[in-house]
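Only one structure is covered here, and it is reproduced in the block below.
The values are calculated or read from the model by the stated rules, or taken from the named source; none is laboratory data. Because the structure is predicted, anything quoted here is derived from the model rather than measured. Cβ placement follows ideal geometry from the backbone for every residue including glycine, while neighbour counts extend to all protein chains displayed. These area figures cover heavy atoms from the full protein model, side chains too; ligands, DNA and RNA do not enter into them. Shrake-Rupley method; radii C 1.70, N 1.55, O 1.52, S 1.80 Å.
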Amino acid sequence: MMSPSLALRNVKKSLRDYGVYFLTLTFGVCIFYIFNSLESQQIVMELTSRQAAALRTLDKMMGIFSVFISCILGFLIIYANRFLIRRRQKEFGIYMILGMGKWQISRILVLETVLVGAISLFTGLLLGVFLSQGMAMVTAKLMGAAIGRLRFVFSPAALRSTIFCFGLTFILVLIFNVGMIQRQKLIDLIYADRKNEGFKVPRLTLSVALFLLSLLCLGAAYAIMLLFGLPMANVILLAAVALGTVGTFLFFFSLSGFFLRLLRQNKGLYLKNLNMFVLRQINSKINTAYVSMTFVCLMLFLSICALSSGVGLAGALAGETRRNAPFDASLTVQAPPAGIDPARVALEKGVDLDAFAKEYLTLQYYDVGVKIPLNTGEHAVEAPIYFLKLSDYNALLSRQGLPPLVLGPEEYAISSNLPKEWPAAVRDYMAGDSGLTINGVQLRTSPARLEESPLVTSAYWAFELTGIARDQSLTAADLPVIKSALHINYPQAGEPYETLCLNALSSLELTAANGSRLNPSLETKARVLEGSNSTTTTVAYLAIYLGIIFLLASATVLSIAQLSETSDNIRRYGLLRQIGTDEKMINGALFAQILIYFGVPLFLALIHSLVGLKVGNDLIRLVGDKDIWSSGLFAAAVILLIYGGYFLATYWSSKNMLKKE
Amino acid sequence: MTVILQAKNIEKYYGNKNNLTRALAGISFDIEAGEYVGVMGASGSGKTTLLNCVSTIDTVTAGHILIGGRDITEMRAETLAAFRRKALGFIFQDFNLLDTLTAYENIALALTILKTPPGEIDRRVLEMADILGIVGILPQYPYQMSGGQKQRVAGARAMITNPTLILADEPTGALDSKSARTLLESLQRLVRERGATILMVTHDAFSASYCDRIMFIQDGKLFYQLVRGSDNRKLFFDKIIEVISLLGGDSHDVA
């Protein structure tokens, strides 16, 4: 039978044309699998029951969203497929002239679709399985779970749903393709590449008016967002979104007509190299492309916001993990005036610390009777400062794998990991420090001496500062001890040690020197992290998931539009070559054309995003003090990778298309 | 008179060892500056191959072609593209205008790819349009023009760079007889007033009768040459018809 070999040859031959199609499919399958395999990733994590439940919820959420996502991906695949088919209409026409029946052609097409689908499904799944190994680590970190034994993560459920969703899409593509062939008339197939569009250029005054109107709409939308901020009333938000959408639409609608006229006034630029040609090319299509431009721009905007917020949230979480839980467990107790050594007490009472502690460290905080005024402009407080010995502090640092602090004899350092605007206030104080006296010795500090490493595992911020001074400054005087702390690290993270530790220490009775009972507070890393992390992780993951999908969608739509345009333009470029245009100039024109198509929506989307992120930033700061702008950088890298990848793939495919002729 | 185009014994073979086609079997001829030369011949006689070789679109198997004293058979690909845009002008049967550009822009394009200063472009386009009688249609798009107008725009595009040689491939092929006449008269004016040199391939005796000299090609060889001299167009036309009937074969092609 000749159909299979013909189909195989066709796929091989048009591998370049299939490039973007493959890329989209493979990316789609890969992302889809990764985000659906979350639940099975827990085999490499040591989860508490609460964390396991959270992961299940996350997985369920992903499942629900995946239905929506698969609709988007399905649309993209069908869209990409349509381009491929359109490009090959003439080929089908030739098959028909040769006497091949419509069903025979359909069979070739079915075989091709199945072949391409199978290859990309396989590649995507392979990539997905591979990448989901790394994803498990990230998930564990975000959920604050420990990573247990390294094992290969594979999710049969994710595999099933991926195959199901994409299988369904392929069937839709098949139906579409066969239907297309059945409906076609031979004459249309043969003359498929001869159809010419007429061009209508909107009137200049109309273009300018619409352009100004679009700027007005966008300005109003921005103003509303910046003025009201999130969260805002639904009606206002809706108005802003509507204004933004209409503004974007009008912007692209009027842009070409407006822009072309403007540039034509500048003869020096317009009559240079192929500029005229490029501008006309864009102008001739932007009249019909403004809808997809608007779509792409808004998708990009959503994608940038979703990615930045998602990564920002994740970053805020991970940052807080580091800040708030330097030890597996911390027991603190206020025990003035002589302090207490909780470890010794525990050992005396027969607690086997070694059963759950790989290492432990007892710290004493000295009260020097000083309060430090802090002023953020909004709030002013007098924060107490308790002192740690330098040797104790350095022991604490070394447990966290940090380099030791060095202090001069007349120096002291301040340690604070207060959130948000407080570090600045502390620095302000340190800059104007007049020094403090301990035991008759004047000690000074400077903003460079601000230490931000966390000192204790705790679920909340304590409004106090910690001072650090050389040991003899503190021990020489008979300073009262205000607080003692016992920090413990387990031999290995996980449930058994956690339980042992909680059982042993939560019931530990401590008594002060005067015989009164003390109230120690015991916090473990697991408890601290479990709290809010799972909800935030869910939101962060969804945001990243959606962000990547939106990005993929917009890049694909643009890429396909450009590729089909290039295939329409082969004749025009051939003509440029005939009249002796430099190959470099032609490639330059092609590059410029594709760059403008990819760049203009991205440009507007970036401006949208600046406003969107400004608003979103305030929201993120409620969760953690991590700034969204730095995560914007990560989002930018992802966008550069995917969007830029599509841009280059489009340029190269287009160049090849032109070269082939 | 200076020789613009010099073809020295050019040959062109297609195919492989077993199945060899000799499209050009050793043709030599000279074209002088300001000459309007026609190439005629039946289908398959090699006239299009000749034009392709001269226009640097195709390469010869043997022999040399000198245009303006430079041997194009020895040039490398990059040099050829540069040579093409500087020294040659093209007029095609199906006009080959860019449908996205106006007539003005189509003509200007030939100058912009030569990196001509923008200030000069405007003046030269208008001057050329005046000679070809297309000033009125400069702001129009190709789809708004008639075939004859399109071909004159193509002519203007070919001429505006003052090329050493203009190559025309069946320029009247897609035109009705009235448009064809206008175009041919315009080309003649280019030769008379601007000193252009044109090599035109045609199988149409009427078009050919506007030339100064006709080269007849058969089986890849120069079969006969006809020089107009002081004959008027009608007389020259009759002579062309005579040669065509001698050539036989495709005489029914003649208009």
Seminar exercise, completed: The aspartates and glutamates whose Cα lies under 14 Å from the Cα of B:LYS86, excluding any fewer than 8 residues away in the same chain, are A:ASP582, B:GLU78
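Which percent of the accessible area of the protein assembly as shown is formed by carbon and sulfur heavy atoms (probe 1.4 angstrom)? Don't jump to the answer; show the numbers that get you there.
On the way: 24040 of 40290 Å².
Using a 1.4 Å probe with all protein chains present, the protein assembly as shown comes out at 60 percent carbon and sulfur.
Only bridges whose two residues both fall in chain B count here: according to DSSP, what percent of them are antiparallel, nearest 5? Don't jump to the answer; show the numbers that get you there.
Numbers: 23 of 39 bridges.
Bridges in chain B are about 60 percent antiparallel.
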For this session: Treat every Asp and Glu Cβ in the protein assembly as shown as -1 and every Lys and Arg Cβ as +1, leave all other atoms uncharged, and give the resulting dipole magnitude about the Cα centre to the nearest 20 debye.
Result: 3120
Seminar exercise, completed: Taking the dipole of the protein assembly as shown about the Cα centre (Lys, Arg +1; Asp, Glu -1; charges at Cβ), the one of A:SER391, A:SER567, B:HIS64 that reaches farthest to the positive side is B:HIS64
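Given an 8 Å cut-off on Cα distances and at least 6 residues of separation, report the relative contact order of the stretch A:329-489 as a percent. Write down the numbers at each step before the final one.
Values: 287 pairs, mean separation 69.8, N = 161.
Over the stretch A:329-489, the number comes to 43 percent.
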Seminar exercise, completed: antiparallel share of DSSP beta bridges within the protein assembly as shown, to nearest 5, in %, is 70
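Once the other residues with Cβ under 13 Å from the Cβ of B:ARG192 are scored (Lys, Arg +1; Asp, Glu -1), what is the net sum? Intermediate results must be reported in sequence, preceding the final value.
Details: positive: B:ARG189, B:ARG194; negative: B:GLU35, B:GLU185, B:GLU193, B:ASP212.
Spelling it out: positives minus negatives among the neighbours equals -2.
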Exercise. Taking the stretch A:329-430, which GluC sites (Glu not before Pro) meet the DSSP loop condition and have no more than 10 other C-beta atoms within 10 Å?
Worked result: A:GLU378
Exercise. Mind checking the angle between helix A:156-183 and chain A's longest principal axis? C-alpha axes, 0 to 90 degrees, to the nearest 10.
Worked result: 20
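Could you work out the relative contact order of chain A, using alpha carbon pairs under 8 angstrom and six or more residues apart, expressed as a whole percent?
On the way: 940 pairs, mean separation 140.2, N = 661.
With pairs under 8 Å counted, the relative contact order is 21 percent.
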For this session: Using the Kirkwood radius over Cα pairs, work out the Stokes-Einstein diffusion coefficient for the protein assembly as shown at 10 °C and 1.306 mPa s, in µm²/s as a whole number.
Result: 46
Exercise. For the stretch B:147-190, what D do you get in µm² per second when you plug the Kirkwood radius from alpha-carbon pairs into Stokes-Einstein at 20 °C and 1.002 mPa s?
Worked result: 203
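Net charge near A:VAL178, counting Lys/Arg +1 and Asp/Glu -1 over other residues with Cβ under 14 Å of its Cβ?
Numbers: positive: A:ARG82, A:LYS102, A:ARG107, A:ARG183; negative: A:GLU112.
Value of the local net charge: +3.
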Problem set entry | Positive dipole terminus of the protein assembly as shown, leading residue within A:ILE586, A:MET62, A:PRO326 (C-beta point charges) | A:ILE586
Problem set entry | Lysine pair number, Cα distance threshold 28 Å (strictly under), the stretch A:329-489, separation 8 or more or different chains | 11
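What longest region of chain A stays clear of trypsin sites (Lys or Arg not before Pro) that DSSP places outside H, G, I, E and B and that have at most 14 other Cβ atoms within 10 Å? Intermediate values should be presented prior to the final figure.
Numbers: sites that count: A:ARG149, A:ARG151, A:LYS185, A:LYS195, A:LYS200, A:ARG203, A:LYS349, A:LYS358, A:LYS420.
Longest stretch, sites excluded: A:421-661.
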For this session: State the three equivalent ellipsoid semi-axes of the stretch A:329-489, derived from the C-alpha gyration tensor as the square roots of 5 times its eigenvalues, in descending order and whole Å.
Result: 27, 18, 15
Exercise. Tell me, what is the per residue accessible area of the stretch B:128-255 in Å², probe radius 1.4 Å?
Worked result: 41
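How about the stretch B:31-86: which trypsin sites (Lys or Arg not before Pro) there are in a DSSP loop, with at most 11 other Cβ atoms within 10 Å of their Cβ? Kindly include the intermediate steps, with their values, before the conclusion.
Values: sites: B:LYS47, B:ARG70, B:ARG76, B:ARG84, B:ARG85, B:LYS86; in loops: B:ARG76.
Of the trypsin sites (Lys or Arg not before Pro), the ones in loops of the stretch B:31-86 whose Cβ has at most 11 other Cβ atoms within 10 Å are B:ARG76.
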Seminar exercise, completed: the stretch A:433-490 and the stretch A:553-594 have their Cα centres apart by a whole-number Å value of 67
Problem set entry | Long pairs among A:LYS185/A:LYS659; B:LYS12/B:LYS221; B:LYS178/B:LYS234; A:LYS185/B:LYS150; A:LYS584/B:LYS115; A:LYS272/A:LYS655, criterion Cα-Cα beyond 20 Å | A:LYS185/A:LYS659; A:LYS185/B:LYS150; A:LYS272/A:LYS655
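Per the Kirkwood formula on distinct C-alpha pairs, the Rh of chain B is how many angstrom? Show your work: numbers first, answer last.
On the way: mean 1/r = 0.0534 Å⁻¹.
Final number for the Kirkwood radius of chain B is 18.7 Å.
Note down the Stokes-Einstein diffusion coefficient of the stretch B:90-202 in µm²/s, whole number, using a Kirkwood radius over alpha carbon pairs, 20 °C, and 1.002 mPa s. Numbers along the way, then the final one.
Values: Rh = 13.7 Å.
Calculated translational D: 156 µm²/s.
What size of dipole, in debye to the nearest 20, comes out for the stretch A:465-571 about its Cα centre when the only charges are +1 on Lys and Arg C-beta atoms and -1 on Asp and Glu C-beta atoms?
Values: 6 positive and 9 negative charges, 31 e Å.
Value, rounded to 20: 140 debye.
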Exercise. Just going by the charge dipole of the protein assembly as shown, with Lys and Arg at +1 and Asp and Glu at -1 on Cβ, which of B:SER28, A:LEU269, A:HIS487 is farthest out on the positive end?
Worked result: B:SER28
Problem set entry | Cleavage-rule hits, chymotrypsin sites (Phe, Trp or Tyr not before Pro), the stretch A:434-523, DSSP coil, Cβ neighbours within 10 Å at most 10 | A:TYR460
Exercise. For chain A, what is the accessible area per residue in Å², given a 1.4 Å probe and the full set of protein chains?
Worked result: 45
